Amino acid sequence: MSTPQPQSSSPQPSGPVSKDRAYRSPAGISGGVLVLALVLWLGIDALVAGDGSTRWKALAALVFLVPLVAAYTVRPAVFANDDRMRVRNPFRVIVLPWSRVDSFRSAYTNEVFTEGGAKYQLWSVPVSLRGRKKAARQEDRRAVGGAGGAGGRRRGSVLGGMGQFGSRGDGVGSGAVEADGPVRAEADKVMDELRELWEARQAAEGSRGEVTVRWAYEVIVPVVVGAVALGVLLVVG
């Protein structure tokens, strides 16, 4: 699905546009695909085997549930390049030039703040408290093993997770060992990468522009239509 690029009155750089880095949650996508398969199976079965108003209720439920489940599981993603970050959340697409980003925050959710004080949650980079605890335990073990020299460091590397977080690794619930740094949960590593890219590019000429927010009407409209139709059918009987 194509997303409009941010509009800016500043001149565009003459050099080539850098390639986006994509960050998604494979765990969320996998769960969403399973739920969608279940919804489609039950809905199609009701359409085929049902009679009377059952078929209409099943159709309305499909129109309501399929885009809603997809919006919260398959759709979320974060794309970042040298000029800007594009956040694709369930119902919005936010384009943030690096010059307009003020800070990032990682607590129970991962968020980005603009210079104007607006806050946007990064749905595709969910926080895993379990992953943080696991990374902390691995770091403790590596610190103990490091006292034994290179052998301890090799043992520490074996403890690292191999999960994938989007195109950079899935990190929910896993920790990865860094050869020259502390062990970090993968979601926290993604936030570190975004912060580093922002700090390096926030003053660049190509990073200027305005924040743009586009509502995903292709998701909102069918969800609303399906919800209204299902509600009417349930009331009418």
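The values are calculated or read from the model by the stated rules, or taken from the named source; none is laboratory data. Quick caveat, the model's predicted, so the values are computed rather than measured. All Cβ positions, glycine included, derive from the backbone under ideal geometry; neighbour counts span all protein chains shown. SASA here: full protein model, heavy atoms, side chains in, ligands and nucleic acids out. Shrake-Rupley method; radii C 1.70, N 1.55, O 1.52, S 1.80 Å.
Specify the residue that is modelled with the lowest pLDDT; the eligible residues are those in the range 196-237 that are open to solvent by less than 80 Å² (accessible area, probe 1.4 Å) and hydroxyl-bearing (Ser, Thr, Tyr).
If we take residues in the range 196-237 being open to solvent by less than 80 Å² (accessible area, probe 1.4 Å) and hydroxyl-bearing (Ser, Thr, Tyr), then SER207 is modelled with the lowest pLDDT.
So, in the range 102-118, how many residues would count as being modelled with pLDDT of 90 or more and under 14 Å from the mean Cα position of the chain (by Cα)?
3
In the list TYR120, TYR72, which residue meets the criterion of being among the hydroxyl-bearing types (Ser, Thr, Tyr), touching a residue at least 24 places away in the same chain (Cβ under 8 Å) and either open to solvent by 40 Å² or more (accessible area, probe 1.4 Å) or assigned to a loop (DSSP other than H, G, I, E, B) (or both)?
Of the residues listed, the single one that is among the hydroxyl-bearing types (Ser, Thr, Tyr), touching a residue at least 24 places away in the same chain (Cβ under 8 Å) and either open to solvent by 40 Å² or more (accessible area, probe 1.4 Å) or assigned to a loop (DSSP other than H, G, I, E, B) (or both) is TYR72.
Any idea which residue in the range 46-66 is farthest from LEU96 (Cα to Cα), counting only those that are open to solvent by less than 30 Å² (accessible area, probe 1.4 Å) and in a helix (DSSP H, G or I)?
Selected residue: ALA46.
When you scan the range 197-215, do you find a residue that is in a helix (DSSP H, G or I), among the acidic types (Asp, Glu) and closer than 27 Å to ALA71 by Cβ, even just one?
no
Filter the range 63-98 for residues that are more than 12 Å from the chain's Cα centre (by Cα), under 30 Å from ALA203 (Cβ atoms) and of a type in the set (Phe, Trp, Tyr) and give the result.
TRP98
Among the residues of the range 87-110, count how many are of a type in the set (D, E, K, R) and either in contact (Cβ under 8 Å) with a residue 40 or more places away in the chain or surrounded by 18 or more Cβ atoms within 10 Å (Cβ to Cβ) (or both).
The total comes to 3.
List, please: which pairs have Cβ atoms under 6 Å, are six or more places apart or on different chains, and start with a residue in the range 36-56 that is of a type in the set (Lys, Arg) and end with one that is part of a helix (DSSP H, G or I) and open to solvent by less than 100 Å² (accessible area, probe 1.4 Å)?
ARG55/LEU47
Quick one: would you say GLY145 is part of a loop (DSSP other than H, G, I, E, B), out of contact with any Asp or Glu (no Cβ under 7 Å at 6 or more places or on another chain), at pLDDT below 75 and open to solvent by less than 20 Å² (accessible area, probe 1.4 Å)?
No: the conditions fail for GLY145.
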